[in-house]
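Beneath this line is the structure, given in structure tokens, with notes to follow.
The values are calculated or read from the model by the stated rules, or taken from the named source; none is laboratory data. All of these numbers come straight from a predicted model, not from anything done at the bench. Positions of Cβ are backbone-derived with ideal geometry, glycine not excepted, and every protein chain shown enters the neighbour counts.
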Amino acid sequence: MADLDHLRVVLVATRNPLNIGAAARAMSNFGVRRLRVVNPYDKAFREARSAVGASGLLAKAELFENVAEAVEDCRLVIGTTAGTRRDLQHRLLRLQEGARIIKRQMNTAPVALLFGSERYGLSNEEMSHCHWLMRIPTRDEHGSMNLGQAVAVCLYELVRGRKAAGAQTAGVRNQRKPAKSREVERLTEQLLELLNTSGYVKPRAVAAEEKLRRLVRRLELKGTDAEVLLGMLRQIAWKLANK
């Protein structure tokens, strides 16, 4: 998912190293690799135990002194906020709407997604670097979220609907691929051998062989199904030969 390389998750003035670790873990879950940290309270964040499975990502996190430096290579900068009890000077979009815009921009250029400190969120100065703001539609009575959870929810929305990455996608793709001609022919030959052995067809019955070949091809087997069936037939042939 090459366009995810255009996404930079920027954590600003994070107070708890465990939250940075949790954010890194969420990034790893969804295939986002570019973590930037601005002026964290604890410089030992790279050792956060909460970054289960994402220690390498955390170790490579880029450290900046201010937001301007952290987003200087980005064409689009989005801040996140609960959006309650603040006089915002930016356009505020819900997550679903904002994610659509972000995904389009990620196709061509770097995008920064900013998350503020756990206690205060993004300051007005930090927001001034943003093109617009985005909020997760939580209930009004409890609008704020844990930092790691907020990162996870935003990233999920950004990857939602995409094809799964890695081995899972490759496995599904292989299961759907039609069997190759040589795989179908091996299956046909093995089946014909069993039918000859059982007496269902006579040896060297050309018409029967051609009929069987056409029948097998009409099944339009997938590659994995042809492999399984061939294994079954070979096991049956072995049993018959060794009974």
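Summary table
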item: Odd one out for residue 208 among (1) surrounded by 12 or more Cβ atoms within 10 Å (Cβ to Cβ); (2) at pLDDT 85 or above; result: (2)
item: Residue among 224, 188, 169 that is under 30 Å from residue 95 (Cα atoms) and either modelled with pLDDT of 80 or more or not hydrophobic (A, V, I, L, M, F, W, C) (or both); result: 169
item: Residues within the range 218-242 that are out of contact with any Lys or Arg (no Cβ under 7 Å at 6 or more places or on another chain) and within 16 Å of residue 193 (Cα to Cα), tallied; result: 13
item: The range 29-45, subset surrounded by 19 or more Cβ atoms within 10 Å (Cβ to Cβ) and in a helix (DSSP H, G or I), residue modelled with the highest pLDDT; result: 30
item: Residue count, the range 199-228 (criterion: assigned to a helix (DSSP H, G or I) and touching a residue at least 40 places away in the same chain (Cβ under 8 Å)); result: 5
item: Matching residues in the range 1-24 - criterion: being surrounded by fewer than 22 Cβ atoms within 10 Å (Cβ to Cβ) and either acidic (Asp, Glu) or under 27 Å from residue 105 (Cβ atoms) (or both); result: 1, 2, 3, 4, 5, 6, 8, 13
item: Enumeration of residues in the range 107-132 that are among the aliphatic types (A, V, I, L, M) and under 24 Å from residue 21 (Cα atoms); result: 111, 112, 113, 114, 122, 127
item: Filter pass, residue 48 being farther than 23 Å from residue 162 by Cα and either touching a residue at least 40 places away in the same chain (Cβ under 8 Å) or in contact with a Phe, Trp or Tyr (Cβ under 7 Å, 6 or more places away or on another chain) (or both); result: no
